[in-house]
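Below is one structure; the comments refer to it alone.
The values are calculated or read from the model by the stated rules, or taken from the named source; none is laboratory data. On a predicted model such as this, the values are computed, not experimentally measured, just so you know. Heads up, the Cβs are rebuilt from the backbone with ideal geometry, glycines too, and the neighbour counts pull from every protein chain shown.
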């Protein structure tokens, strides 16, 4: 009996194979996908598949293959793509999903459902909104790039580092997609230079699960993200300090944010239903002051002007957010969390536009740089 | 195969590990969702209340065991209810343990099939778990105790990996508190007690443990508190990670939240956790299979006893296979289990508890005469 057991156990250990082996050579991995809605409402899917060719010296050169297909759902168009490939197409390693603005303005969830449902899918995939056609953006392949398939992902990554974009993935927007009283932003891109490059344009504001069509401009993203308590490796803001000085650059300054603290607090308010205070404290270094001669005695004035300029900028951003009805600060959810009975009386769909959001920005200038 | 003889003794710490390992089975993966469906964002409060109540059940079991020194569950049933009724209730427990084992097996198969190995025939998955569980229990009590103690380390590894869930967590999702209605709390508490219901198994292990009843009480309550705090931890992480609406759509939140957690060494932590979790599934399954085996403790011949275990595992495999065919069948197994769980984990222990007082009076009378 014991012998038999031992033999059986050895057999199990030595002779077992794997039913679920999926060999790399049998699949084609898509790296970037673009989802569009054509004018007649047909869903169009384009994917980019990189093929690395072997070369004798150095890293192999990468060639890219584009395939486009249409279908009723994303799975259907995926199988339509599959028909034209010698091996199976797998979107399990997708890094970026580009959503054309036409499609994003609809409910985006149905197109992403497969990602949430299938455990093989990698949810660490960045959704990006493209102004106009996503397919066109996908097909931009600058020749200077060594790895064309990583072009768009690279742009997003560097923008996250400079605090112009948030680090998003399908997973991180998952809870906001469902949650009431909380919305999210996605990176926004546009094809530029007559189709030769793609550029980062700011953050697209979403409400529930569709794109509102309104965005936070590229110039305003850094301040917005700091208010949302997000900071990449570097954060830099250029802002207008003065009016009417000549030459024109003298009116501007650039600050480098070294440290910050931010808090968003909401409470019920009689006049405006809800009042939200956003406190933002910045410790900055003056990086650029084209006017020259930044003496110590000037600093209080510079600080005052800077605070004023930043507050104006923040107010402008808040106006955009409220117009878009996109509660990106999660004010509604926080009201529900802290004042559940008061929340019952609110009609957030309408009331969000009416509430008062006040930014309080204080700046502490730590250093003027080494050239005074 | 080695004998499982009743004179084998286990130590106090082994008792604690057996208790922990048999508690943490399938429920750890889906408890958060179930609690959230029952009691909303207050699910974790219901868990706390249920946890406290279940401590009383553990104390009750300890008291019963004190009143019947040296007797296991099935002996106690016999001496409380008499021979015929005792055998009947004993058979009931046999069925109950088998049903729980079936539930554990089908859920495990379903999970592995969905998450990890979609192409592998589910029967093979079942067979792997059953074989390893059979191998564990064939060595008797001391071997079970050693295996369970050895695998306890996994609990700490998994707890550490769950920390990744905090990356995207927002604690505002735990607010507002106290929104659930009374009946929702009751449902949440009920679910909690069910998922902590392995205390029934304790009656099989306490008599064979070395140490005084006081030491055993301290050990078991400590182990139980550890399990409750582990559950609370997973529930709070997953609540804070998913928010109020998404969590209802995700059936295994603690795995799902690790899908994007990227670390340098392991790309897909969810898969890694799942692979380690199969050990929990095995130990819990083995505990219930062992409990079913004890129903035949009175059968004198060793060989016959193992035969009973084999027949029990064939039944379990058969029903589990039927259950694995589609979700409806699994549903009906779970529904059936829910129905009988109440009787075997709440009412009968309560009854035994009450009867144990009367027995004590009998004894006192006996000594007085």
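Tell me which helices (runs of 4 or more DSSP H) are completely within the stretch B:38-139 and hold 2 or more residues being surrounded by 17 or more Cβ atoms within 10 Å (Cβ to Cβ) and within 14 Å of another protein chain (Cβ to nearest Cβ), or say none if there are none.
Numbers: elements: B:43-67, B:73-81, B:83-115, B:122-138.
Correct list: B:83-115, B:122-138.
For the stretch A:39-54, does any single residue satisfy the condition of being over 29 Å from residue A:129 (Cα atoms) and at pLDDT below 80? Don't jump to the end; show me each part of the working.
We begin by selecting, within the stretch A:39-54, every residue over 29 Å from residue A:129 (Cα atoms); these are A:53-54.
Checking the rest, the ones that are also at pLDDT below 80 come to A:53-54.
So far as the stretch A:39-54 goes, yes, one or more of its residues are over 29 Å from residue A:129 (Cα atoms) and at pLDDT below 80.
What pairs come up if the first residue lies in the stretch B:336-360 and is at positive phi, the second is assigned to a helix (DSSP H, G or I) and modelled with pLDDT under 85, and their beta carbons are under 8 Å apart, counting only those six or more places apart or on different chains?
Nothing qualifies.
Looking at the stretch A:172-195 only, could you name the residues that are facing another protein chain (nearest Cβ under 10 Å), part of a loop (DSSP other than H, G, I, E, B) and buried (at least 22 other Cβ atoms within 10 Å of the Cβ)?
Of everything in the stretch A:172-195, those that are facing another protein chain (nearest Cβ under 10 Å), part of a loop (DSSP other than H, G, I, E, B) and buried (at least 22 other Cβ atoms within 10 Å of the Cβ) turn out to be A:179, A:182.
Which strands (runs of 3 or more DSSP E) sit wholly inside the stretch A:2-54 and have at least 3 residues that are farther than 16 Å from residue A:86 by Cβ?
On the way: elements: A:27-29, A:32-37, A:43-52.
Output list reads A:32-37, A:43-52.
Given the criterion buried (at least 19 other Cβ atoms within 10 Å of the Cβ) and under 30 Å from residue A:334 (Cβ atoms), identify the matching residue among B:209, B:192. Walk me through how you get there before you give the answer.
On the way: B:209 fails: under 30 Å from residue A:334 (Cβ atoms).
Matching residue, one of B:209, B:192: B:192.
Is one or more of the residues making up the stretch A:160-168 free of Cβ contacts under 8 Å to residues at least 24 places away in the same chain, over 21 Å from residue A:191 (Cβ atoms) and assigned to a helix (DSSP H, G or I)?
No - not one qualifying residue is present in the stretch A:160-168.
Scanning for something within 21 Å of the chain's Cα centre (by Cα), loosely packed, with under 13 Cβ neighbours inside 10 Å and at pLDDT 85 or above, does the stretch B:291-312 turn up at least one residue?
Scanning the stretch B:291-312 turns up no residue that is within 21 Å of the chain's Cα centre (by Cα), loosely packed, with under 13 Cβ neighbours inside 10 Å and at pLDDT 85 or above.
Considering only the stretch A:324-345, state which residues are within 14 Å of chain B (Cβ to nearest Cβ), assigned to a loop (DSSP other than H, G, I, E, B) and at negative phi.
Residues of the stretch A:324-345 within 14 Å of chain B (Cβ to nearest Cβ): A:327-344.
Filter again for assigned to a loop (DSSP other than H, G, I, E, B), leaving A:327-330, A:339.
Of everything in the stretch A:324-345, those that are within 14 Å of chain B (Cβ to nearest Cβ), assigned to a loop (DSSP other than H, G, I, E, B) and at negative phi turn out to be A:327, A:328, A:329, A:339.
May I ask you to verify whether residue B:199 is more than 14 Å from chain A (Cβ to nearest Cβ) and crowded, with 19+ Cβ neighbours inside 10 Å?
Values: more than 14 Å from chain A (Cβ to nearest Cβ): yes; crowded, with 19+ Cβ neighbours inside 10 Å: yes.
Considered against the rule, which asks whether it is more than 14 Å from chain A (Cβ to nearest Cβ) and crowded, with 19+ Cβ neighbours inside 10 Å, residue B:199 comes out as yes.
Restricting the search to the stretch A:142-153, which residues are within 28 Å of residue A:219 (Cβ to Cβ) and assigned to a helix (DSSP H, G or I)?
If the condition is that a residue be within 28 Å of residue A:219 (Cβ to Cβ) and assigned to a helix (DSSP H, G or I), then A:150, A:151, A:152, A:153 are the ones that fit.
From A:94, A:99, grab the single residue that is touching a strand residue (DSSP E or B) at 6+ places or on another chain (Cβ under 7 Å), within 14 Å of chain B (Cβ to nearest Cβ) and modelled with pLDDT of 80 or more. Give the steps one after another, and end with the answer.
Details: A:99 fails: within 14 Å of chain B (Cβ to nearest Cβ).
From the options A:94, A:99, the qualifying one is A:94.
Return the only residue of A:158, A:169 being surrounded by fewer than 22 Cβ atoms within 10 Å (Cβ to Cβ) and touching a strand residue (DSSP E or B) at 6+ places or on another chain (Cβ under 7 Å). Before the answer, list the steps.
Values: A:158 fails: touching a strand residue (DSSP E or B) at 6+ places or on another chain (Cβ under 7 Å).
That would be A:169, the only listed residue that is surrounded by fewer than 22 Cβ atoms within 10 Å (Cβ to Cβ) and touching a strand residue (DSSP E or B) at 6+ places or on another chain (Cβ under 7 Å).
Does any residue of the stretch B:252-270 turn out to be surrounded by fewer than 20 Cβ atoms within 10 Å (Cβ to Cβ) and under 26 Å from residue B:20 (Cα atoms)?
Looking through the stretch B:252-270, none of the residues is surrounded by fewer than 20 Cβ atoms within 10 Å (Cβ to Cβ) and under 26 Å from residue B:20 (Cα atoms).
Please tell me if residue A:31 is assigned by TED's automatic domain parsing to the domain that holds residue A:168, at pLDDT 80 or above and either over 29 Å from residue B:262 (Cβ atoms) or under 26 Å from the mean Cα position of the chain (by Cα) (or both).
Details: assigned by TED's automatic domain parsing to the domain that holds residue A:168: yes; at pLDDT 80 or above: yes; either over 29 Å from residue B:262 (Cβ atoms) or under 26 Å from the mean Cα position of the chain (by Cα) (or both): yes.
Against the criterion (assigned by TED's automatic domain parsing to the domain that holds residue A:168, at pLDDT 80 or above and either over 29 Å from residue B:262 (Cβ atoms) or under 26 Å from the mean Cα position of the chain (by Cα) (or both)), residue A:31 qualifies.
For the stretch B:22-52, name all the residues that are more than 16 Å from residue B:184 (Cβ to Cβ) and either at pLDDT 90 or above or touching a strand residue (DSSP E or B) at 6+ places or on another chain (Cβ under 6 Å) (or both).
Those that are more than 16 Å from residue B:184 (Cβ to Cβ) and either at pLDDT 90 or above or touching a strand residue (DSSP E or B) at 6+ places or on another chain (Cβ under 6 Å) (or both): B:51, B:52.
Among the candidates A:238, A:297, A:266, which residue alone is touching a strand residue (DSSP E or B) at 6+ places or on another chain (Cβ under 7 Å) and farther than 30 Å from residue A:130 by Cβ?
Values: A:238 fails: farther than 30 Å from residue A:130 by Cβ; A:297 fails: touching a strand residue (DSSP E or B) at 6+ places or on another chain (Cβ under 7 Å).
Sole residue among the options that is touching a strand residue (DSSP E or B) at 6+ places or on another chain (Cβ under 7 Å) and farther than 30 Å from residue A:130 by Cβ: A:266.
Determine which member of the set A:216, A:156 is away from chain B (no Cβ under 14 Å), part of a helix (DSSP H, G or I) and at pLDDT 85 or above.
On the way: A:216 fails: part of a helix (DSSP H, G or I).
After applying the criteria, what remains is A:156.
Show me the helices (runs of 4 or more DSSP H) found entirely inside the stretch B:150-208 where at least 2 residues are touching a residue at least 60 places away in the same chain (Cβ under 8 Å) and more than 21 Å from residue B:262 (Cα to Cα). Talk me through it step by step, then tell me what you get.
On the way: elements: B:153-162, B:182-195, B:202-205.
Of the helices (runs of 4 or more DSSP H) lying wholly inside the stretch B:150-208, those with at least 2 residues that are touching a residue at least 60 places away in the same chain (Cβ under 8 Å) and more than 21 Å from residue B:262 (Cα to Cα) span B:182-195, B:202-205.
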